Every structure is written in structure tokens, then in C-alpha cells.
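The block underneath contains the structure these notes are about, expressed in C-alpha cells.
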Amino acid sequence: MKKPIIGITGNERPNPEDEFAIMSYAAKGFVEGVKEVGGIPVILPIGDADMAQHYIKIIDKLILTGGQNVSPQFYGEEKMIDSDDYHLERDVFELSLIHEAIQQQKPIFTVCRGTQLFNVAMGGTLYQDIEHH
């Protein structure tokens, strides 16, 4: 039986040992979880819409992981909170992954930020600050 290839969205952060280097990564729990259930985990580093199309072609299923806040511009709002925890390039890339996965009829599993982004991709909105709603 063929093992399913599971794409896991990656994130980025500065390398603490080199101020000019950026590291791509995914939480080990996602990788180990996929292996535990018999899948082949593939971490998808942040790219562009063209890369999203290629990634979705080679995977069987997609996991959208957690991380930064979703930029309010994608759900029609101005930024209303004092936070710099956004990653615009990641938002754009993962929205492309979602649209491609839907078009190619690939299953999507979402966690935390991934669930919020999927909601936005489907036309939903978010509360930027829950305490004030």
C-alpha cells in the first residue's frame, strides 16, 4: 500500500546564530504525528503562488499549522491591535495553498492559525482582540 504524502506548512524565524539568515521549520510534533499514522511528512517552506500549485500536486493531504496572526487585510479590516506578530508572505502563500488544495480536491487539516486562515479563505472574518468583543 502506498503511503500518503502529507504536506505540512512551514514557518520562518531569524537564525539566532546569524542575524542575516532565516530558518524554515515546522514543529516536530506534526512531522512525528504524520509518521506515526503511516504517512510521509513533507515540510512546505514559504513560497509563492506558483510553488503552492506545485506543492499541492505532489502531496495527498495538507496540514495548515499554527503561528502568527492572520493579517486583517485578508478579512477586510484595518489592523486594530498593537502587535507585530504577522507574516504577510506566509499569509499569501498559505491562501494560495488552500485555494489550490480545494481546486485539486485535496483534504486540508487545520490547526490554530491554520483554522483561522482557512476561515478567512472561505470568506469568514476574525476578531483581532477577543476581550473587546
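The values are calculated or read from the model by the stated rules, or taken from the named source; none is laboratory data. Worth saying up front: this structure is predicted, and the values here are computed from it rather than measured. All Cβ positions, even for glycine, are placed from backbone atoms using ideal geometry, and neighbour counts span all protein chains on display. Protein only, heavy atoms only, side chains kept; ligands, DNA and RNA dropped before computing areas. Shrake-Rupley method; radii C 1.70, N 1.55, O 1.52, S 1.80 Å.
Observations, loosely collected:
- Segment 106-124 versus segment 7-60: alpha-carbon centroid distance in Å: 17
- Accessible area of segment 5-122 belonging to carbon and sulfur atoms, whole % at 1.4 Å probe: 53
- Dipole orientation for the chain: of the candidates 7, 45, 123, 7 has the Cα lying most toward the positive pole (charges on Cβ; Lys, Arg +1; Asp, Glu -1).
- Using Cβ point charges alone (K and R +1, D and E -1), the dipole size of segment 5-122 about the Cα centre works out to roughly 620 debye.
- Charge context of residue 39, other residues only, Cβ under 9 angstrom, K/R +1, D/E -1: +1
- Total lysine pairs whose alpha carbons fall under 18 Å of each other in segment 1-112 (8 or more apart, or interchain): 12
- When both bridge partners sit in the chain, DSSP labels roughly 30% of those beta bridges antiparallel.
- Rg/Rh ratio calculated on Cα atoms of segment 1-106 (Kirkwood radius): 1.01
- The trypsin sites (Lys or Arg not before Pro) of segment 29-133 meeting both criteria, a DSSP state outside H, G, I, E and B (loop) and at most 13 other C-beta atoms within 10 angstrom of the site's C-beta, are 79.
- Among 84, 48, 60: highest mean-square fluctuation, GNM of the chain, C-alpha pairs under 10 Å: 84
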